[in-house]
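Below: the structure, in structure tokens.
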Amino acid sequence: KQEVTQIPAALSVPEGENLVLNCSFTDSAIYNLQWFRQDPGKGLTSLLLIQSSQREQTSGRLNASLDKSSGRSTLYIAASQPGDSATYLCAVSGETSGSRLTFGEGTQLTVNP
Amino acid sequence: KAGVTQTPRYLIKTRGQQVTLSCSPISGHRSVSWYQQTPGQGLQFLFEYFSETQRNKGNFPGRFSGRQFSNSRSEMNVSTLELGDSALYLCASTGRWRGGETQYFGPGTRLLVL
């Protein structure tokens, strides 16, 4: 059974800092890994999608890496802004699980002005 | 394109009642998945429908059921509600994005069981 763990559970940083969120998964037979953002009381917004054959993806100030063999992914946020405050969720889909995603518990990020 | 829509957005029920939630996927998307989100358990997969057939099912009791219509709209039903069913229920449709497939989530239906 796939299990996804995210560290830290919460993070509070001053504006402008670069930060790293961590995600680990137990079964390396994944189809892809995604990072989502969730604002309080809202649905999820996809940030980055990394296919199992890829090592990293970048979008603006965000960079996500994937090390499938070690079961790890990191989300790097450069020059953080107060608007980045949200919960960040890591999710994996299995090679045979179709669209089913297994989520981590999330990292609650607060960026202070 | 319009995003995934869910109705109703908020719902209050009492124990023992049943509830039906609705989800309209993005036009052209044929796969719809449902998730339950609670503070204690996080996001958990309920089921996935594709072309009106249940393709995948999570580890939830039989009180949780769903269906999908020919226009890809989906409904989920929870019978004999329990206090622990209070949660945010999220629906997602699957589509192409940046060379792969991703799930596009709706805003959710927040269910409170009293």
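Do the conditions hold for B:E75, that is, is it more than 10 Å from chain A (Cβ to nearest Cβ) and under 10 Å from the mean Cα position of the chain (by Cα)?
Working: more than 10 Å from chain A (Cβ to nearest Cβ): yes; under 10 Å from the mean Cα position of the chain (by Cα): yes.
In short, yes.
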(request) Run down B:S31, B:S72, B:S65, B:S51 and say which single residue is of a type outside the set (K, R) and within 30 Å of A:Q57 (Cα to Cα). (result) B:S31
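Yes or no: region A:83-99 includes at least one residue that is within 9 Å of chain B (Cβ to nearest Cβ) and at pLDDT 95 or above.
Keep residues of region A:83-99 that are within 9 Å of chain B (Cβ to nearest Cβ), which gives A:89, A:91, A:93, A:97-99.
From what is left, the residues that are at pLDDT 95 or above are A:89, A:91.
Yes: one or more hits.
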(message) So A:K1 passes all but one of these: (1) touching a Phe, Trp or Tyr at 6+ places or on another chain (Cβ under 8 Å); (2) farther than 27 Å from B:V4 by Cα; (3) free of Cβ contacts under 8 Å to residues at least 40 places away in the same chain. Which condition number does it fail?
(response) (1)
(request) Could you list all residues from region B:22-56 that are of a type in the set (K, R) and more than 9 Å from chain A (Cβ to nearest Cβ)? (result) B:R30
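Within the bounds of region B:26-42, is there any residue that is touching a residue at least 24 places away in the same chain (Cβ under 8 Å) and over 19 Å from A:L101 (Cβ atoms)? Working first, answer last.
Keep residues of region B:26-42 that are touching a residue at least 24 places away in the same chain (Cβ under 8 Å), which gives B:26-38.
Subset that is over 19 Å from A:L101 (Cβ atoms): B:27-28.
Yes; the residues of region B:26-42 include at least one that is touching a residue at least 24 places away in the same chain (Cβ under 8 Å) and over 19 Å from A:L101 (Cβ atoms).
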(message) Whether any residue in region B:31-51 is under 10 Å from the mean Cα position of the chain (by Cα) and β-branched (V, I, T) is what I want to check.
(response) yes
(message) Any residue that is closer than 21 Å to A:E105 by Cα, at pLDDT below 95 and in a strand (DSSP E or B) - is there at least one of those in region B:23-33?
(response) no
(request) Grab the strands (runs of 3 or more DSSP E) fully contained in region A:32-113, keeping just those with 2 or more residues being free of Cβ contacts under 8 Å to residues at least 24 places away in the same chain, in contact with a Ser or Thr (Cβ under 8 Å, 6 or more places away or on another chain) and not aliphatic (A, V, I, L, M). (result) A:62-67
(request) Determine the pairs where a residue that is more than 29 Å from B:E52 (Cβ to Cβ), located within region B:75-87, has a partner that is in a strand (DSSP E or B) with Cβ atoms under 7 Å apart, the partner being 6 or more residues away or on another chain. (result) B:L83/B:V113; B:S86/B:L111; B:S86/B:L112; B:S86/B:V113
(message) Name the single residue that is nearest to B:E101 (Cα to Cα) among those in region A:73-104 being surrounded by fewer than 21 Cβ atoms within 10 Å (Cβ to Cβ) and of a type in the set (V, I, T).
(response) A:T96
(request) Could you tell me whether B:G100 is of a type outside the set (D, E, K, R), over 23 Å from A:G41 (Cβ atoms), within 14 Å of chain A (Cβ to nearest Cβ) and more than 14 Å from the chain's Cα centre (by Cα)? (result) yes
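Consider A:L49 carefully, then state whether it is among the hydrophobic types (A, V, I, L, M, F, W, C), modelled with pLDDT under 95 and under 10 Å from the mean Cα position of the chain (by Cα). Outline the logic, then answer.
Details: among the hydrophobic types (A, V, I, L, M, F, W, C): yes; modelled with pLDDT under 95: yes; under 10 Å from the mean Cα position of the chain (by Cα): yes.
Yes: the conditions hold for A:L49.
The values are calculated or read from the model by the stated rules, or taken from the named source; none is laboratory data. Small disclaimer: the values here were computed from a predicted structure and weren't measured. Here Cβ is always computed from backbone atoms with ideal geometry, including for glycine, and neighbour counts include all displayed protein chains.
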